[in-house]
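The values are calculated or read from the model by the stated rules, or taken from the named source; none is laboratory data. What you see is a predicted model; the values in this text were computed from it and never measured. Glycine also receives a Cβ, built like all others from the backbone with ideal geometry; neighbour counts cover every protein chain displayed. For the accessible areas, the whole protein counts, side chains as well, though only heavy atoms, and no ligand, DNA or RNA atoms are used. Shrake-Rupley method; radii C 1.70, N 1.55, O 1.52, S 1.80 Å.
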Amino acid sequence: MKTQVCIIGGGPSGLLLSQLLHLQGIETVVLEKHSREYVLARIRAGVLEQGFAALMREAQCGERMDREGEIHHGFFIADGGRLQRVDLHRFSGGKSVVVYGQTELTRDLYEARDRMQGVVIHNVEDVQLHDLATDRPHVTYRAGDEIVRVDCEYVVGADGFHGVSRKSIPKDVLREYERVYPFGWLGVLSRTKPVSPELIYARHDRGFALCSLRSQVLSRYYIQVSLSDKVEDWPDNAFWAELKRRLPAEVGERLVTGPSIEKSIAPLRSFVAEPMRWGRLFLAGDAAHIVPPTGARGLNSAASDIHYLYHAMVAHYQKGDDSGLDGYSARALARVWKAQRFSWWMTTLLHTFPDAIAYERKLQETDLAYLFSSEAAQRSLAENYVGLPF
Ligand SMILES: Cc1cc2nc3c(=O)[nH]c(=O)nc-3n(C[C@H](O)[C@H](O)[C@H](O)COP(=O)(O)OP(=O)(O)OC[C@H]3O[C@@H](n4cnc5c(N)ncnc54)[C@H](O)[C@@H]3O)c2cc1C
């Protein structure tokens, strides 16, 4: 098989890039390890920056997002009994975010790929990247007993944190930066009316809680839990009771509970791999960096990589201009690190760290008090939350 760009990974990064390049007449093949049903069953992100929404429209995939997604102009920070609204619209020069689930967005991307007869190959096994340091790289995968070879000009590693692409960069070239947090998030999806029309990020001595949503009839809630906790330790009634304890009383009283339709625990980690380009391989999205979900940067950081890579590839193929490809790693990483800083800051501000010393707890209290009382602090939070410019 031959193509111009072989993309490893059929998550949002790989599908979005494939769709955008195809619209510019650039051929791609997407190789995905799992079935489409499996990819679409993953419940993950739900808050999109304006830049991401614009890319979806550019990819001709924005119609349902614009119809069904909710525009949010603000969110709340709670601390014990206090509740402070952060006015995103006012403090970011009129910007907002779109609440639209990653599952829906991925479904839209798959449907768009189908409409254009894009090549997305599922259930590929044992993907291997070859000759990346030459100008004729190729990728192999196993389909049953057969080894299939894809010859290409570029390889894009969009295969998430556990993928193979990053591991194809030689160890003496790759630098990895990591922070693992001493807690996880237990998430519950329920077909109930959200407790608040806007998200609530809540700090509490018992641990962080987040009231999020996918629509006005579908709620997504999270609580901070110990890394040793298992989903089985948290029957629905225990989850709802603990969530309620961590919210201001006036919010807790409004909480509508119901059976969970999905429940999972995710560990929290900050991670960056540098460089994001090696030879003919480009890393994008979670393959190169991940953040704790506090602040909703994960999927949005993936989108900014795709923005840079898409424009760089179009300049290469349409104008013979390689400056975007050559500058991709540095450009993408500059924005990635800002998202890392913001996610780390929000996580530190709002979580209960089991090993925190009294001095650190005092700083956390002061940081929150400053945020609650200062427009400048809220402006900075809003600027980062709606997404820094690409
Ligand atoms: C449990 C969880 C909850 C999250 N919640 C949030 C949130 O609330 N807010 C937020 O902003 N972000 C959240 N994120 C992060 C967000 O979901 C990711 O940033 C986003 O999925 C990145 O998209 P991606 O396409 O780069 O990677 P992925 O979505 O991971 O897609 C990578 C794809 O590559 C495939 N793949 C892997 N290995 C191979 C291989 N060897 N060969 C072929 N294919 C392969 C995978 O099956 C997958 O489909 C969450 C992530 C997780 C794991």
task = Enumerate cysteines in the chain without a disulfide-compatible partner, where compatibility requires another Cys Cβ under 4.7 angstrom.
result = 61, 211
ask   = Which far-off residues, 5 or more places away or on another chain, put their amide H under 5 Å from the one on residue 160, with H placed in the peptide plane?
value = 286, 287
request  = Order the peptides 337-344, 292-299, 138-145 from the highest to the lowest mean number of other Cβ atoms within 10 Å of their residues.
outcome  = 292-299, 337-344, 138-145
key: Most to least packed among 224-237, 44-57, 277-290 [average Cβ atoms within 10 Å]   = 277-290, 44-57, 224-237
ask   = What residues have an amide H closer than 5 Å to that of residue 214, excluding those fewer than 5 places away on the same chain, when H is modeled at 1.01 Å from N in the peptide plane?
value = 219, 220
ask   = Can you give the accessible area per residue of the chain, in Å², using a 1.4 Å probe?
value = 43
ask   = Can you give the extra length, in nm with one decimal, that the chain gains between residue 241 and residue 341 once fully stretched, where that is 0.36 nm per residue apart less the Cα-Cα distance?
value = 32.8 nm
request  = Return one quarter of the surface area of the convex hull spanned by the alpha-carbon atoms of the chain, equal to its mean projected area, in nm².
outcome  = 19.7
note = For segment 82-198, the percent of accessible surface on carbon and sulfur atoms (probe 1.4 angstrom, ligands and nucleic acids excluded) is 45
query = So, counting K/R as plus one and D/E as minus one, what does the shell of residues with Cβ under 15 Å around residue 359 add up to?
reply = -2
query = According to a simple spin-label model (label point 7 Å from Cα along Cα-to-Cβ), what is the distance in nm between residue 205 and residue 177?
reply = 3.6
key: Dipole magnitude of segment 75-138 about its Cα centre (Cβ charges: Lys, Arg +1; Asp, Glu -1), debye to nearest 20   = 540
ask   = Cα to Cα, under 19 Å, and not fewer than 8 places away if on the same chain: which lysines meet these conditions relative to residue 263?
value = 193, 230, 244
query = Under a Cβ-Cβ cut-off of 14 Å, what is the net charge of the residues other than residue 219 that fall near it, where Lys and Arg count +1 and Asp and Glu count -1?
reply = +3
